[in-house]
Amino acid sequence: MAQPIVMKRIYEKIIAEHLAQYRQMAFITGPRQSGKTTLSQACAKPSYPQVYLNWDNVQHREIILAGLDRITEPFGTQVLRKHKPIIIFDEIHKYPHWKTLLKGYFDTLNGDCHIIVTGSAKMNVYRHGGDSLMGRYFLYRIHPLSVAEILGRNKTEKAIQPPKKLEQTRWQQLLEFGGFPEPFLQANQRFYQRWSNLRQQQLFQEDLRELSKIHDMSLLELLAQLLRHQITGTVKYSELAKKVRVSEPTIRDWLSVLENVYYSFSIKPWTKNISRSLLKEPKVYLWDWSLIDNPGAKIENLVACHLRKATHYWTDIGLGKYDLYHLRDKDKNEVDFLVTKDEEPWIILEVKSSGKSRLSPSLEHFNKQIKAPHVFQVCADLPYVQQDCFALEKPMIVPLLTFLSQLV
């Protein structure tokens, strides 16, 4: 068994720089157990005072609603004059009027304090009343661990990094236990099983009950289970509706609910400049690829998570506007992923388990239409090669570990 390791998250420097440079609130969102609270507290300078308030704590809730005088009471006047203390609001979006509350606090403080807001459900879910916070915050989307982050990548002004080798034991650890920090670092099957069971219980018995009005939670759990078995294919709403025995509109609503609690995420088909493209069929992936039994589907899901993390990260730090799609047309040509940069094709990517596979004809088919600068077929069983994938000038088969090491 690989020995647990301790690492700094790639996001620590980003949040620390935010606190040093910007007056806006830092909104840190991401799934349960991805390290948001630890990150928010670790980014504060040791000499700077901070207050942590969690909406789920009844005493903390009372302090939050009592107003700024009560919240900033531990700081004192002298501290406010000399430093910029940090106020951390955790899960405050569960309060119906959280936007109005934060807007008032932010405007009143007028830069005297930093405000960090964290949440384990997507903050746009809670839209109950309140003025817009536009211009008052920057969003940072936190993801589980990735190959590049395990390798110790730091913040950089470039999206693509030089390749770097990840030890095989660490790769197997990531593949088996997933990217959530605690089970990855423990690398223990019994711990992982208990952790995973508890996380599923929290998602379906706590988070989803708070977010939705779904009465029969067992049917939603059935839908979640079905999603594990169709990772490599597009979503067929009608088929899922028949299996779960609910209507198609209900399936669509429930898929949105599962996305809101970070159980799954979907990527849409890219249609611009694609002849006979399919317009409506998304692909759905899980945030935790360790839940997937099929080896090929698990690899594809892991790659989807890495690409999603990279596009969010690059966008959030201001390198451009990045997004993730898949490619599929009515003639059954399909490619797993397309990464866009500033709404233009940038990376076309096909995922294969075996390096014995020939270059997919679909890569060339779609590349003739959209002309992306980088076209790859990544293979999971190819050994790492010390070569910059992004220096290649034509579609090529490359090792998966080499490619992933160049992301974030």
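FYI, it's all coordinate maths here, none of it is from the lab. Everything numeric in this text was worked out from a predicted model, so none of it was measured. Every residue, glycine as well, gets a Cβ built from its backbone with ideal geometry; the counts of neighbours run over all protein chains shown.
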Length-normalised contact order of the chain, Cα under 8 Å, at least 6 apart, in percent, tallies to 16
Here the averaged projected area of the stretch 337-377, based on the convex hull of its alpha-carbon atoms and given in nm², is 2.8
Rounded to the nearest 5, the percent of antiparallel DSSP beta bridges in the stretch 147-405 equals 60
GNM on the chain, Cα springs under 10 Å; top mean-square fluctuation among Pro282, Pro361, Pro395 goes to Pro361
With the charge dipole of the stretch 147-405 built from beta-carbon charges (+1 for Lys and Arg, -1 for Asp and Glu) about the Cα centre, the Cα from Val385, His215, Pro183 projecting farthest to the positive end belongs to Val385
Counted neighbours (other Cβ, 10 Å), sorted fewest up, put Phe27, Phe204 in the order Phe204, Phe27
The exposure ranking of Ile115, Ile10, fewest beta-carbon neighbours within 10 Å first, is Ile115, Ile10
In degrees, nearest 10, the alpha-carbon axis of helix 361-370 is tilted away from the dominant principal axis of the alpha carbons of the chain by 60
By Cβ neighbour count within 10 Å, fewest first, Tyr52, Tyr22 rank Tyr22, Tyr52
Here, GluC sites (Glu not before Pro) of the stretch 330-408 satisfying both criteria (DSSP loop; at most 12 other Cβ within 10 Å) are Glu343, Glu393
Only helices counted: for the chain, with every DSSP H run of 4 or more residues adding -39500 (n - 2.57) and the sum spread over all residues, [θ] at 222 nm is -11000 deg cm²/dmol
Here the Kirkwood hydrodynamic radius of the stretch 147-405, Cα-based and in Å, equals 19.4
The answer for GluC sites (Glu not before Pro) in the stretch 145-225 that fall in a DSSP coil and have at most 10 neighbouring Cβ atoms within 10 Å is Glu157
